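Below you'll find the structure, written out as structure tokens, and then a few comments.
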Amino acid sequence: MSKIMLVTGGGRGIGAAVAKLAARRGYAVGVNYHSNADAARAVVEEIVRGGGRAVALQADVSQEDQVLRMYGELDQQLGRIDALVNNAGILEQQMRVDQMSADRLLRVLSTNVIGAFLCAREAVRRMSTRHGGQGGAIVNVSSAAARLGSPNEYVDYAASKGAMDTMTIGLSKEVAPEGIRVNGVRPGTIYTDMHASGGEPGRVDRLKGVIPLRRGGTVEEVAGAVMWLFSDEAGYTSGSFIEVSGGN
Ligand code: NAD
């Protein structure tokens, strides 16, 4: 029986790369998407063409009722979750703090922190040996911004990823005795569409000079680190972070 993974925001970027790599490693994959059903279906079709199993699952992860519905669909269509990748995240237009509204901070926290919390909670309810589960693992896709910040850009985003990191540590301690490992990856500057939604399509190239490896990263390089954290080799690793940030 293949293990079952849910990847939030799996229709494009890092999430899509994780979903495809996980399928190649034998996971049946739930590919969550918010609004772009076509993109998620394309990921599912690619997995199925390659001989894997996958389903597209709609939910805005910041909405509790939608997360509960999505998990119900995952249970029915694939089975009980073994692996969760909290990847869905938003980066809003670059903005200095003196221009930023508290509403914007709340919006970013709702997806990047509350979304990750809700998805992790539902995973724990299914994985925990306390609830008759078989254990499992969770990987949170944080950001180097949690450690480094970034001048004049997005104090809201950095704060959300810092919160995700402390949630990773706290949760890892709480659920380790119940057979669940919880870790994070902190990507640096990766070539995805997120930078365009942050208002600057050429951002990765602009930042090359401050990256010790002098280039942006690829989604495959992030997916490889995520999958290592689910592997047996990572069996004694919990509450840890892998920096995938070109040396920063
Ligand atoms: P992306 O914008 O391509 O992907 C983000 C995905 O999350 C999209 O598919 C989007 O639809 C989905 N999403 C957003 N809000 C959602 C919601 N409420 N419910 C469900 N899905 C939602 O960007 P990406 O670069 O692939 O980002 C993936 C993760 O990696 C994010 O958490 C991001 O913060 C993190 N990250 C990215 C970089 C980078 O340089 N690209 C760096 C550090 C961290």
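The values are calculated or read from the model by the stated rules, or taken from the named source; none is laboratory data. All values reported here derive from a predicted model rather than from experimental measurement. FYI the Cβ positions are ideal-geometry reconstructions off the backbone, even for glycines, and counts take in every protein chain you see.
Assorted remarks:
- Residue in segment 72-85 that is within 9 Å of the ligand (Cβ to nearest atom), closer than 20 Å to Phe230 by Cβ and in contact (Cβ under 8 Å) with a residue 24 or more places away in the chain present: no
- Members of segment 118-144 that are of a type in the set (Gly, Ala, Ser) and free of Cβ contacts under 8 Å to residues at least 40 places away in the same chain: Gly132
- Every condition in (1) over 24 Å from Trp228 (Cβ atoms); (2) more than 16 Å from the ligand (Cβ to nearest atom) holds for Met127 except the one numbered (1).
- Within segment 202-242, the set of residues being farther than 18 Å from Asn140 by Cα, loosely packed, with under 13 Cβ neighbours inside 10 Å and of a type in the set (Gly, Ala, Ser) comprises Gly202, Gly209.
- Cross-chain or 6+ apart pairs with Cβ under 8 Å, segment 32-44 first and of a type in the set (Val, Ile, Thr), then assigned to a strand (DSSP E or B) and near the ligand (Cβ under 10 Å from one of its atoms): Val43/Val31; Val44/Val31
- Scanning segment 119-143 for residues that are of a type outside the set (S, T, N, Q), farther than 22 Å from Gln63 by Cβ, in contact with a strand residue (DSSP E or B) (Cβ under 7 Å, 6 or more places away or on another chain) and surrounded by fewer than 23 Cβ atoms within 10 Å (Cβ to Cβ) yields a single hit, Gly135.
- Restricting Val97, Val108 to residues that are among the β-branched types (Val, Ile, Thr), away from the ligand (no atom under 13 Å from the Cβ) and at negative phi narrows the list to Val97.
- Thr168 being out of contact with any helix residue (DSSP H, G or I) (no Cβ under 8 Å at 6 or more places or on another chain), surrounded by 22 or more Cβ atoms within 10 Å (Cβ to Cβ) and either among the hydroxyl-bearing types (Ser, Thr, Tyr) or under 24 Å from Met100 (Cβ atoms) (or both): yes
- Qualifying residue in segment 36-59 (condition: at pLDDT below 95 and in contact with a Lys or Arg (Cβ under 7 Å, 6 or more places away or on another chain)): no
- Some residue of segment 147-161 being surrounded by fewer than 19 Cβ atoms within 10 Å (Cβ to Cβ), assigned to a loop (DSSP other than H, G, I, E, B) and within 11 Å of the ligand (Cβ to nearest atom): yes
- Selection count, segment 22-47, where residues are in contact with a strand residue (DSSP E or B) (Cβ under 6 Å, 6 or more places away or on another chain) and either away from the ligand (no atom under 14 Å from the Cβ) or on the phi > 0 side of the Ramachandran plot (or both): 6
- Taking the conditions (1) more than 10 Å from the ligand (Cβ to nearest atom); (2) in a loop (DSSP other than H, G, I, E, B); (3) of a type in the set (Gly, Ala, Ser); (4) within 22 Å of Ser142 (Cα to Cα) in turn, Ala19 satisfies each one other than (2).
- The residues in segment 162-195 that are assigned to a helix (DSSP H, G or I) and either over 15 Å from the mean Cα position of the chain (by Cα) or away from the ligand (no atom under 15 Å from the Cβ) (or both) can be counted, and the count is 12.
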